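The values are calculated or read from the model by the stated rules, or taken from the named source; none is laboratory data. Nothing here was measured: the structure is a model prediction, and the numbers come from that model. FYI the Cβ positions are ideal-geometry reconstructions off the backbone, even for glycines, and counts take in every protein chain you see.
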Ligand code: NAD
């Protein structure tokens, strides 16, 4: 099989490519990535010399390039996106362009191909909006209620993927996953930000009172979930993937401080994010029962491994701070 992976130089996409080659060493992968500030070829230095891997620097909004690449492949796995909520609050322009228009360009090229490729769209639980602390978790049946420019752009891309299934019969699947963490995550996101700040002896900026809850999943568990959806998911369906691991931001800060032997005095409470969603949580019963998928990594193991990785790979992140 030959795959087009978009955004494969980013955090989750690079783990996906590495994991796919481990399980399917005979497959070929084209990685299309424009290398924004978040895209880094170093994330795949161990894959670079594999003759079955090809990197193409380019934009998913480039219709001609995308159509050429899609001609070559049987499967598209679409990660490329602007992914940071805070940046979307500063300016939504790039989010609409890459996340909405870029997804449209990919879907359009896929549906125009003689035998359309299978198309997996990688999305987020943020499209469902915000939960109260005692609300039931999100499922595939939850209504869409995106509340940041980032989540609105991802919601639009989910709707487009589904529309291409219903309108043109394009064989799509969608996964909506909760917050990921692990090695190679850009240090603007919460966990790597806290770890790298501690390693630099800087304070940990905590939004509001640190009470916002996310359902944290180790990145390899997410990647394995996507692989299960691709292998066994029903065409046209959505699968929610979560970590069974709801924690608020203050608890995360305390866990990281404990691992790095520092105390809570390093926490600095800062003005809250605009429109900060209180809680996200995923009920992944459908993926568990249909695909036999569940996350395997405990938060203790995953966080320890992640913290060690940032400690041992300062050259990867120091220039990004
Ligand atoms: P990331 O920001 O680390 O990587 C995104 C990659 O996309 C980068 O390599 C960037 O260069 C590339 N890219 C952006 N715009 C592009 C364009 N126009 N053309 C080509 N390449 C482009 O993001 P991530 O955290 O790895 O997230 C990957 C996907 O997973 C996104 O679609 C995101 O919405 C989704 N997701 C992320 C999380 C999470 O917790 N990080 C959770 C659920 C879903």
Within the range 9-39, residues being near the ligand (Cβ under 7 Å from one of its atoms) and not in a helix (DSSP H, G or I) number 9
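Does the range 44-52 contain any residue that is under 19 Å from the mean Cα position of the chain (by Cα), within 15 Å of the ligand (Cβ to nearest atom) and within 19 Å of residue 314 (Cα to Cα)?
Residues of the range 44-52 under 19 Å from the mean Cα position of the chain (by Cα): 44.
Imposing the further condition that a residue be within 15 Å of the ligand (Cβ to nearest atom) reduces the set to 44.
Pick out the ones that are also within 19 Å of residue 314 (Cα to Cα) and you get 44.
Looking for residues that are under 19 Å from the mean Cα position of the chain (by Cα), within 15 Å of the ligand (Cβ to nearest atom) and within 19 Å of residue 314 (Cα to Cα), one finds at least one in the range 44-52, hence yes.
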Selection over the range 137-165 where residues are more than 12 Å from the ligand (Cβ to nearest atom), touching a strand residue (DSSP E or B) at 6+ places or on another chain (Cβ under 8 Å) and under 27 Å from residue 91 (Cα atoms) yields a count of 1
A careful count of residues in the range 189-218 that are more than 24 Å from residue 131 (Cβ to Cβ) and either buried (at least 22 other Cβ atoms within 10 Å of the Cβ) or within 16 Å of the ligand (Cβ to nearest atom) (or both) gives 5
Those helices (runs of 4 or more DSSP H) completely within the range 260-321 that have 1 or more residues that are within 14 Å of residue 183 (Cα to Cα), in contact with a helix residue (DSSP H, G or I) (Cβ under 6 Å, 6 or more places away or on another chain) and in contact (Cβ under 8 Å) with a residue 24 or more places away in the chain are 299-312, 314-317
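Which residue is surrounded by the most Cβ atoms within 10 Å (Cβ to Cβ), if the candidates are limited to the range 56-73 and must be over 12 Å from residue 4 (Cβ atoms) and either out of contact with any helix residue (DSSP H, G or I) (no Cβ under 6 Å at 6 or more places or on another chain) or without any contact (Cβ under 8 Å) to a residue 24 or more places away in the chain (or both)?
As a first pass, look at the range 56-73 and keep what is over 12 Å from residue 4 (Cβ atoms): 57, 59, 61-64.
Those left that are additionally either out of contact with any helix residue (DSSP H, G or I) (no Cβ under 6 Å at 6 or more places or on another chain) or without any contact (Cβ under 8 Å) to a residue 24 or more places away in the chain (or both): 57, 59, 62, 64.
Working: 57: 13, 59: 18, 62: 15, 64: 10.
In this case the residue turns out to be 59.
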Residue pairs within 6 Å by beta carbon, gap of at least six or interchain, first lying in the range 27-55 and farther than 22 Å from residue 99 by Cα, second more than 11 Å from the ligand (Cβ to nearest atom) and in a loop (DSSP other than H, G, I, E, B), listed first then second, are 27/1; 28/52; 53/47
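It is to be established whether one or more residues within the range 12-26 are over 20 Å from residue 221 (Cβ atoms) and either touching a strand residue (DSSP E or B) at 6+ places or on another chain (Cβ under 8 Å) or surrounded by 24 or more Cβ atoms within 10 Å (Cβ to Cβ) (or both). Steps first, please.
From the range 12-26, those over 20 Å from residue 221 (Cβ atoms) are 25-26; that's our starting set.
Next cut, either touching a strand residue (DSSP E or B) at 6+ places or on another chain (Cβ under 8 Å) or surrounded by 24 or more Cβ atoms within 10 Å (Cβ to Cβ) (or both) only: none.
No; the residues of the range 12-26 include none that is over 20 Å from residue 221 (Cβ atoms) and either touching a strand residue (DSSP E or B) at 6+ places or on another chain (Cβ under 8 Å) or surrounded by 24 or more Cβ atoms within 10 Å (Cβ to Cβ) (or both).
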With the condition kept exactly as written, say whether any residue in the range 228-249 is crowded, with 19+ Cβ neighbours inside 10 Å, farther than 30 Å from residue 120 by Cα, touching a strand residue (DSSP E or B) at 6+ places or on another chain (Cβ under 8 Å) and at pLDDT 95 or above. yes
